[in-house]
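Input: a single structure, listed below in structure tokens.
Since every read-out is calculated from the coordinates, none of them should be taken as a lab result. Predicted model only: the values in this text are computed from it and were never measured. Here the Cβ positions follow ideal geometry from the backbone for every residue, glycine too, while neighbour counts run over all protein chains shown.
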Amino acid sequence: MIKAKVKKTKLSKKSPDVHQEILGLGVLIEQVDHNVQLVAEQYGDIKKDISGIKKTLDSHTEMIGKLAIDMTIVKEDLGSHTKTLKSHTEMIGKLAVDMTIVKEDIAFIKGGLKKRVDIDEFIALERRVVLLEKCR
């Protein structure tokens, strides 16, 4: 008999009010539901952000592709301009050598003209010689 009383006491202590348990369980379910909703909203926002980031990255990838094409064109233009610059440098070098030759020739001609007699002086000298020849 003593055992039967102990069992009843344990049962009565273990079985609290069922109504309270259901209310507590309802509150717990509402809290879990609220947390799940919060996570779902955050996931939606993250998905939107990722979608926006993906669009931004796609547009940046497109812009970088266009810049790469433009850079290729610039490199080709630079190569052709470098060739032109080299040819012009060679031409200027040749012109400098030719100009040096022309300067030397002009200096030679100038020196030769200083040694020659002017036409007016030559005519005057010719008259004097003719006069001297007549007098003799």
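Going toward the positive end of the dipole of the chain, with +1 on Lys and Arg Cβ and -1 on Asp and Glu Cβ, which of Ile101, Ser59, Val74 do you reach last? Checked the options; the winner is Ser59.
At q = 0.11, 0.19, 0.21 Å⁻¹, work out log10 I(q)/I(0) for region 19-135 with the Debye formula, treating every Cα as an identical point scatterer and leaving solvent out; two decimals please. For region 19-135 at q = 0.11, 0.19, 0.21 Å⁻¹, log10 I(q)/I(0) is -0.82, -1.08, -1.13. Computed per residue of the chain from DSSP H runs no shorter than four, each worth -39500 (n - 2.57), the mean residue ellipticity at 222 nm is -35000 deg cm²/dmol. Angle, helix 18-115 long axis vs. longest principal axis of the chain, Cα atoms, 0 to 90°, nearest 10? Roughly 10 degrees, rounded to the nearest 10. Set against the 2.2 N^0.38 Å expectation for a compact globular protein, region 97-136 has a Cα radius of gyration ratio of 1.96.
Can you quote the Å³ per residue value for the convex hull of the Cα atoms in region 28-69, rounded to an integer? Before the final figure, lay out the partial values.
Values: hull volume 1.2 nm³, N = 42.
In region 28-69, the Cα convex hull volume per residue is 29 Å³.
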